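This report concerns only the one structure given below.
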Amino acid sequence: MIVNIKGISLACSDSGQGIPLLLVHGYPLNRRMWAPQVEGLSDIARVLAPDLRGHGDSQAVPGPYSMELFADDLAALLDALDIQQKIVLCGLSMGGYITFAFYRKYAVRLAGIILTATRAAADSPEARAARDQAAELARRQGVGAIVNSMLPKIMAPTTYQQSPDLVGQAQEIMMATSLEGVLGDLEALKNRPDSTALLKEIHLPTLILPGDQDQIVPLEEAQSMQAAIPGARLQIIPRAGHLTNLENPIAFNAHVRQFIQFLQTMEGK
Ligand code: MLT
């Protein structure tokens, strides 16, 4: 489905019934990374998976982008779909940074949050310099050069070596990001605020799902978030790198299902 918000068109998949579960992809990905969740969770939730601006089938709008702008896009998408009910927001990596931005402005729209393969801290000076180098590479050699440099790191080493189909799928998904999207993301990633101080203010059921072999965001980041967010639960996804939901969809979906069932019980009380 294509939804028009704020003068731009966003692609979004929308399936199932129940509490809205809004799945926000990372960099440089798109909604197709959530295929196992659309298939495996739409019996208990209304699973919504948009392509962020500049990604997948959404409009390739030039930057500047920011995490706040992405969060505003998501709020506008919920308005366009007339979703008044509180949602569960699940963000992977950059999607997690967007989840923090969404919480800052739209916490009243949330029933719970799921943070996967993400961190609260802002970029270090070295990471910021690496974003500039990546932008330079993308401008000179195109999106393919970015995808090739990221592929070996975005999954667990064992997934990369033993699951060529999954590697091919991730590659195809990443290749559908426009140059505008890659450049916009890199700017937004580089300039995102530090969300560490926000963590203790998050008074919402929270589930944290790190991969045990994530080469981009170390496991300790998830453990520190759990320690800081009051009452947060942490479940480590085994045999998974940065793409937790794709590399081990059975474990990922089981934890999300349990979390949704818990929220439903709370609602009934
Ligand atoms: C992502 O998957 O969204 C990125 O790896 C995030 C990042 O580079 O910080």
For residue 30: the one exception among (1) surrounded by fewer than 17 Cβ atoms within 10 Å (Cβ to Cβ); (2) touching a His at 6+ places or on another chain (Cβ under 6 Å): (1)
Of the residues 164, 238, only one is of a type outside the set (D, E, K, R) and touching a helix residue (DSSP H, G or I) at 6+ places or on another chain (Cβ under 7 Å); which? 238
Pair list, Cβ under 6 Å, 6 or more apart: region 182-204 residue within 18 Å of residue 106 (Cα to Cα), other residue of a type in the set (Ser, Thr, Tyr): 192/97
Over region 131-183, the set of residues within 22 Å of residue 117 (Cα to Cα) and among the β-branched types (Val, Ile, Thr) is 146, 147, 154, 158, 159, 167, 173, 177, 182
Among 138, 170, 145, which is the only one that is over 18 Å from the mean Cα position of the chain (by Cα) and surrounded by 19 or more Cβ atoms within 10 Å (Cβ to Cβ)? 138
For region 65-107, what are the residues that are more than 16 Å from the chain's Cα centre (by Cα) and of a type in the set (Phe, Trp, Tyr)? 106
Residues that are farther than 25 Å from residue 150 by Cβ and of a type in the set (Asp, Glu), drawn from region 219-269: 267
If a residue has to be within 26 Å of residue 196 (Cα to Cα), more than 13 Å from the ligand (Cβ to nearest atom) and not in a helix (DSSP H, G or I) to count, how many in region 64-102 make the cut? 7
Regarding region 120-134, can at least one residue be identified that is surrounded by fewer than 19 Cβ atoms within 10 Å (Cβ to Cβ), modelled with pLDDT of 95 or more and hydroxyl-bearing (Ser, Thr, Tyr)? yes
Is there a residue being exposed (fewer than 14 other Cβ atoms within 10 Å of the Cβ), away from the ligand (no atom under 12 Å from the Cβ) and of a type in the set (D, E, K, R) anywhere in region 205-219? no
If we scan region 138-156, do we find a residue that is within 16 Å of the ligand (Cβ to nearest atom), without any contact (Cβ under 8 Å) to a residue 60 or more places away in the chain, assigned to a helix (DSSP H, G or I) and touching an Asp or Glu at 6+ places or on another chain (Cβ under 8 Å)? no
What's the number of the condition residue 21 fails, among (1) within 22 Å of residue 113 (Cα to Cα); (2) within 16 Å of the ligand (Cβ to nearest atom); (3) in contact with a strand residue (DSSP E or B) (Cβ under 8 Å, 6 or more places away or on another chain); (4) not aromatic (Phe, Trp, Tyr)? (2)
Looking at 187, 126, 180, can you tell me which residue is closer than 20 Å to residue 74 by Cβ and within 13 Å of the ligand (Cβ to nearest atom)? 187
Search result, residues across region 172-211 that are under 30 Å from residue 143 (Cβ atoms) and charged (D, E, K, R): 172, 180, 185, 187, 190, 192, 194
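The values are calculated or read from the model by the stated rules, or taken from the named source; none is laboratory data. Values in this document were obtained by computation on a predicted structure and should not be read as measured data. Neighbour counts run over all protein chains shown; Cβ positions are idealised from the backbone, glycine included.
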